[in-house]
Amino acid sequence: MNFGLSVADQRFRAEVRAFIDAELPSGVRDKLAEHRSLTRHEIQDWHRRLNRRNWATPGWPARWGGPGFTAVQRSIFFDELHQAPAPEPVSFNVAMIGPVIATFGTQAQKERFLPRIRNLDDWWCQGFSEPGAGSDLAALSTAARRDGDHYGVNGSKIWQGMAQHADWMFTLVRTDASAARQAGITLLLIDLRLPGVTVRPILTMDGRHEVNAVFLDDVRVPLDCCVGEENGGWAIAKFLLGSERTGIARIGMSRHILRRARQLAALRPSESGMLSADPVFRQQAASLEIELLALEITQMRIVADADAHPDTPDPRSSILKIRGTQLRQQASELLLWAAGAPALAAAGEFEHFTGDDAPAGADWAPTVAPVYLSLRAASLYGGSTEVQKNILARTVLGL
Ligand SMILES: Cc1cc2nc3c(=O)[nH]c(=O)nc-3n(C[C@H](O)[C@H](O)[C@H](O)COP(=O)(O)OP(=O)(O)OC[C@H]3O[C@@H](n4cnc5c(N)ncnc54)[C@H](O)[C@@H]3O)c2cc1C
């Protein structure tokens with residue numbers, strides 16, 4: 001779909017698509033299409049291919065050595081990745097800590113970290129949430145106490161995405177317990193190979209290992225790993241959380257799931273022939289497609305304004321997060337319907353079927369339920385739906 005895209009933007013879309021077709025290994029595309037986990041090497045390899053094209057840092061302006069995409073180009077870029085499907089560049093690196101160091105870091109920190117961030121030589125994870133501090137992040141209690149040329153850090157973090165692959169964690173710690181909650185917080189960069197760091201896997205209900213808990217016991221973090229002022233971390237955290245919202249609606253991903261649901265429905269018998277001919281299925285699929293189109297128009301309106309205010313996060317991006325998540329969840333419900341009961345079976349259940357005996361979709365069906373299950377968490381991470389609604393009420397509706 002090309003909503004009033006300029007010729008240059010249409011050309012850019014074609015260029016991104018051609019790059020993905022030429023460079024994305026088919027095994028990676030297949031794994032993503034079936035919601036299977038990629039290895040560290042596969043993600044790193046793709047990220048580096050993007051970096052060679054200067055596309056691993058789509059949100060970086062040219063003055064940081066990024067591609068200097070316009071907001072519309074960024075939106076097109078992510079849409080093409082999501083539809084392919086291809087992995088996004090590792091966002092903890094390029095959308096979170098990279099911009100933070102480029103904006104608030106010392107010259108030495110920029111030189112030390114930025115080139116390694118963009119090429120995924122160092123893999124970063126985000127250590128913000130704690131067992132008692134999620135939506136209310138300022139309640140965090142992991143403590144850092146100055147001790148000579150180090151901070152001694154003690155506490156624990158939870159839900160660190162992909163920390164099993166990570167070398168470093170950017171984290172919020174409490175450096176002044178006597179100050180007002182937000183005033184006593186500092187942003188530290190912690191090398192996960194330091195003594196006292198333990199990363200433990202958390203297996204989620206989709207059967208995957210994507211998140212972890214990180215324990216910090218007397219970890220000695222050099223003072224030069226503090227970003228910005230000590231006790232000035234809250235403003236940096238707000239910058240980080242608000243800075244890169246492009247692609248948050250993940251419309252291309254919803255379209256990919258819907259496409260797959262339609263393919264599977266064409267294989268599945270139902271009372272009225274194949275499920276793909278069932279009027280209720282068709283109505284729900286069409287309705288979802290229309291909603292996705294409506295969201296795409298909303299996204300374009302928000303994105304079109306972004307270049308005029310590049311340094312101010314648009315609170316309306318909360319609409320994109322809420323609605324994008326709802327539609328992806330709906331798409332996964334259609335996919336589950338299309339797969340039917342075999343979706344609930346464990347992967348090995350159908351192995352004894354051969355040839356014509358095999359129920360339609362026996363091989364793919366067990367890859368469907370994990371998509372549905374993992375998307376339940378999408379309304380929590382990246383700012384929960386309720387918290388996004390609070391933002392909209394306050395900043396957009398003025399309530
Ligand atoms: C898959 C996944 C990956 C994650 N990855 C990371 C990561 O890499 N790094 C990291 O630091 N964190 C990560 N998180 C943590 C995520 O940021 C938190 O789960 C999120 O901030 C919510 O915090 P919580 O889990 O403590 O829930 P809570 O904050 O306790 O919320 C529980 C419920 O209460 C609601 N609620 C809370 N406050 C309000 C309010 N003021 N008004 C109305 N309703 C409210 C919430 O919407 C939610 O429904 C991840 C989480 C998940 C599920």
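The values are calculated or read from the model by the stated rules, or taken from the named source; none is laboratory data. Every value quoted in this text rests on a predicted model; they were computed, and no experiment measured them. Ideal geometry is used to build each Cβ from the backbone, glycine not excepted, and the neighbour counts take in all protein chains shown. These area figures cover heavy atoms from the full protein model, side chains too; ligands, DNA and RNA do not enter into them. Shrake-Rupley method; radii C 1.70, N 1.55, O 1.52, S 1.80 Å.
Inside the range 129-155, residues that are at negative phi and open to solvent by 30 Å² or more (accessible area, probe 1.4 Å) make up a count of 15. Among residues of the range 150-165 that are in the same structural domain as Gly132 (by TED's automatic domain parsing), those with a Cβ under 7 angstrom from a residue that is of a type in the set (Lys, Arg), sequence gap 6+ or separate chain, pair up as His150/Arg220; Tyr151/Arg145; Gly152/Arg145; Gly152/Arg220; His165/Arg40.
The single condition among (1) closer than 28 Å to Gln160 by Cβ; (2) open to solvent by 30 Å² or more (accessible area, probe 1.4 Å); (3) not in a helix (DSSP H, G or I) that Gly66 does not satisfy is (2). Say whether the condition of being among the small types (Gly, Ala, Ser), away from the ligand (no atom under 16 Å from the Cβ) and either open to solvent by 30 Å² or more (accessible area, probe 1.4 Å) or within 25 Å of Arg53 (Cβ to Cβ) (or both) is met by at least one residue in the range 96-114. Within the range 96-114, one or more residues are among the small types (Gly, Ala, Ser), away from the ligand (no atom under 16 Å from the Cβ) and either open to solvent by 30 Å² or more (accessible area, probe 1.4 Å) or within 25 Å of Arg53 (Cβ to Cβ) (or both).
Taking the range 174-189, which residues are more than 14 Å from the ligand (Cβ to nearest atom), in a strand (DSSP E or B) and open to solvent by less than 10 Å² (accessible area, probe 1.4 Å)?
Keep residues of the range 174-189 that are more than 14 Å from the ligand (Cβ to nearest atom), which gives 174-184, 186, 189.
With the extra rule that they be in a strand (DSSP E or B), the set shrinks to 174, 186, 189.
If the condition is that a residue be more than 14 Å from the ligand (Cβ to nearest atom), in a strand (DSSP E or B) and open to solvent by less than 10 Å² (accessible area, probe 1.4 Å), then Thr186, Leu189 are the ones that fit.
Quick grid of which residues meet (1) over 20 Å from the mean Cα position of the chain (by Cα); (2) crowded, with 20+ Cβ neighbours inside 10 Å; (3) within 15 Å of the ligand (Cβ to nearest atom); (4) outside the structural domain of His150 (by TED's automatic domain parsing):
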residue	(1), (2), (3), (4)
Leu192	yes, yes, yes, no
Thr204	no, no, yes, no
Leu216	yes, yes, yes, no
Pro222	yes, no, no, no
Gly232	yes, no, no, no
Ile236	no, yes, yes, no
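Which residues, taken from the range 259-279, are aliphatic (A, V, I, L, M) and open to solvent by less than 30 Å² (accessible area, probe 1.4 Å)?
Those that are aliphatic (A, V, I, L, M) and open to solvent by less than 30 Å² (accessible area, probe 1.4 Å): Ala261, Leu264, Ala265, Leu275.
Is it the case that the range 312-324 has a residue that's free of Cβ contacts under 8 Å to residues at least 12 places away in the same chain, open to solvent by 40 Å² or more (accessible area, probe 1.4 Å) and under 30 Å from Ala369 (Cα atoms)? Looking for residues that are free of Cβ contacts under 8 Å to residues at least 12 places away in the same chain, open to solvent by 40 Å² or more (accessible area, probe 1.4 Å) and under 30 Å from Ala369 (Cα atoms), one finds none in the range 312-324, hence no. Out of all the residues in the range 3-22, is one or more surrounded by 13 or more Cβ atoms within 10 Å (Cβ to Cβ), within 22 Å of the chain's Cα centre (by Cα) and not in a helix (DSSP H, G or I)? No, that holds for no residue.
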